[in-house]
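Since the structure comes first, as structure tokens, the remarks are kept for the end.
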Amino acid sequence: AQEIRLASRPKGFPTPENFELAEVEVPTPGDGQLLVRNAVMSVDPYMRGRMNDAKSYVPPFELGEPLDGGAVGEVVASNAEGFAVGDTVLHGLGWREYALLDAAHATKVDPTAAPLGAYLGVLGMPGMTAYAGLVEVAAFKEGDVVFVSGAAGAVGQVAGQIARLKGASRVVGSAGTDTKVEYLVEELGFDAAFNYRNGPVRDQLAKAAPDGIDVYFDNVGGDHLEAALDAFNLYGRAALCGAISVYNDTEPQPGPRNLFLAVGKRLTLRGYLVADHAHLREQFVREVGGWVASGELKYDETITEGGVAKAPEAFLGMLRGENLGKALVTF
Ligand code: NDP
């Protein structure tokens, strides 16, 4: 069976040489374990951070060892109570064809209720990140003007649409291509959107949100965050979700040069991790699951076929912005 290992740590933007495809024996489950044949796996921005040898909220990947991350697959052998061959499970051992899991690390999902990839996207970790960030961290309220960066990605698409569905007075998004920008407005119901490559974010945001913003959902950091600080109305709130514009930097960026605006505008800038918001799970499934089922909330997936050997390519493509919605690899 095949797996992808970390061959070397990237300096700056990662390359295919940082990954290595390896052949391994298919393992046999021990007591309380399952063997799962993966069907679909996720490639996510946080994995870039784990390629560095740096202390963070998740441990780094180890050189010469397989990477890991969200995946869904079918149980092909079970030595654990409550799991049978043929069950579909969500778990954390992607980047390999076969995952050997302790039963406690697997969650059964219903393959007839949603396409498998949805459990890694809109109904999974990224969807929950959008929900928790907007509803709880940024304390969204009806009538807010909301700005979402990285708006065409897995988290951003959902965050912007939740804001619309919960009664934002205006939803503005930014993304890295004109096609994505058009898509946000035409298909996902954003009121305005702009391509951050087409001019200074500050100027484009001022035009797109002429009355200022109340909430900023930050996936990007850098100049996007500075622009949001400028655009904020009094008592504005930012959910600091990610900062993908700096993940490949070799030197730290200067902080927002206009941070002092947070004082006079009485802003709340709050970082968070989705894992701390599990108490919202039921509410999330009810609301977002309902909107997905009714078609009021749309979501996209960019699927790379060809199994684990293609995972590095899919991951690098996601970092370059080739994905619309959730970036996935199918086996
Ligand atoms: P996406 O699906 O949004 O994919 C990443 C996107 O980032 C690309 O499609 C690309 O789109 C954009 N991008 C790449 N480089 C840059 C750049 N220099 N400036 C601006 N945009 C860039 O990924 P996710 O939805 O999975 O993640 C979005 C953010 O949420 C990330 O920052 C991630 O780390 C964070 N996150 C945080 C969590 C938490 O618990 N706090 C949990 C999950 C995700 P484009 O074409 O627009 O450039």
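Just so it is clear, none of the values below were taken in a lab; they were calculated from the coordinates. Quick caveat, the model's predicted, so the values are computed rather than measured. Cβ: placed from backbone, ideal geometry, glycine included. Neighbour counts: every protein chain shown.
Could you calculate the contour length gain from Tyr57 to Ala113, that is, 0.36 nm times the residue separation minus the distance between their Cα atoms, to one decimal place in nm?
Extra length available between Tyr57 and Ala113 comes to 16.9 nm.
Just the number: Rg to Rh for the chain, Cα atoms, Kirkwood Rh, two decimals. Each step should come with its number before you reach the end.
Numbers: Rg = 20.2 Å, Rh = 20.5 Å.
That ratio is 0.98, to two decimals.
Quick one: which of Lys207/Lys310; Lys166/Lys310; Lys141/Lys326; Lys265/Lys326; Lys141/Lys207; Lys207/Lys265 span more than 31 angstrom between C-alpha atoms? Can you show the working numbers first?
Values: Lys207/Lys310 40 Å; Lys166/Lys310 38 Å; Lys141/Lys326 26 Å; Lys265/Lys326 35 Å; Lys141/Lys207 23 Å; Lys207/Lys265 20 Å.
Lys207/Lys310; Lys166/Lys310; Lys265/Lys326, as the Cα separations exceed 31 Å there.
By a straight-distance test (C-alpha under 16 Å), which aspartates and glutamates pair with Lys11 as possible cross-link partners, with residues fewer than eight away in the same chain excluded?
Within the straight-line cut-off, Lys11 pairs with Asp53, Glu62, Asp249, Glu251.
Quick check for me: using +1 on Lys/Arg Cβ and -1 on Asp/Glu Cβ, what's the dipole size of the chain about its Cα centre, in debye to the nearest 20?
Using Cβ point charges on Lys, Arg, Asp and Glu, the chain gives about 1000 debye.
Over region 125-276, what is the mean sequence separation of C-alpha contacts under 8 Å (at least six apart), divided by residue count, expressed as relative contact order in percent?
Rounded, it is 23 percent for region 125-276.
Using the C-alpha atoms of region 125-276, what convex hull volume per residue, in cubic angstrom, is computed?
Enclosed volume per residue, from the Cα hull, is 106 Å³.
Using a simple charge model, +1 on the beta-carbon of Lys and Arg, -1 on the beta-carbon of Asp and Glu, nothing else, what dipole does region 125-276 show about its Cα centre, in debye to the nearest 20?
Its charge dipole is roughly 320 debye.
May I ask you to derive the FRET efficiency for Ala1 and Gln283 from their Cβ-Cβ distance with R0 = 56 Å, giving the value to the nearest 0.05?
Details: r = 39 Å, r/R0 = 0.70.
After rounding to 0.05, the efficiency reads 0.90.
Expressed as a whole number of Å, what is the distance separating the alpha-carbon centroids of region 247-294 and region 65-127?
Between the Cα centres of region 65-127 and region 247-294 lies a distance of 26 Å.
Any idea what the dipole of region 14-57 comes to, in debye rounded to 20, about its Cα centre with Lys/Arg Cβ at +1 and Asp/Glu Cβ at -1?
My answer is approximately 260 debye.
Relative contact order for region 188-304: what percent, with Cα pairs under 8 Å and sequence separation of 6 or more?
Relative contact order for region 188-304 comes out at 22 percent.
At a 10 Å Cβ-Cβ cut-off, how would you order Ile303, Ile162, Ile4, fewest neighbours first?
Details: Ile303 15, Ile162 26, Ile4 23.
Ranked by crowding around the Cβ, least crowded first: Ile303, Ile4, Ile162.
Starting from the Cα of Asn258, step 7 Å along the direction of its Cβ; do the same at Glu182; then give the gap between the two resulting points in nm.
About 3.1 nm separates the two model spin labels.
Specify the inter-centroid distance of region 303-331 and region 165-212, based on alpha-carbon positions, in whole Å.
About 25 Å separates the Cα centre of region 303-331 from the one of region 165-212.
Where in region 24-44 is the amide nitrogen less than 20 Å from a point lying 7 Å along the Cα-to-Cβ axis of Glu81?
Under 20 Å, as judged by backbone N against the label point of Glu81, lie 29-35 of region 24-44.
With unit charges on the beta carbon (Lys/Arg positive, Asp/Glu negative), name the residue among Met125, Gly82, Asn219 whose Cα is farthest towards the positive pole of the charge dipole of the chain.
Asn219
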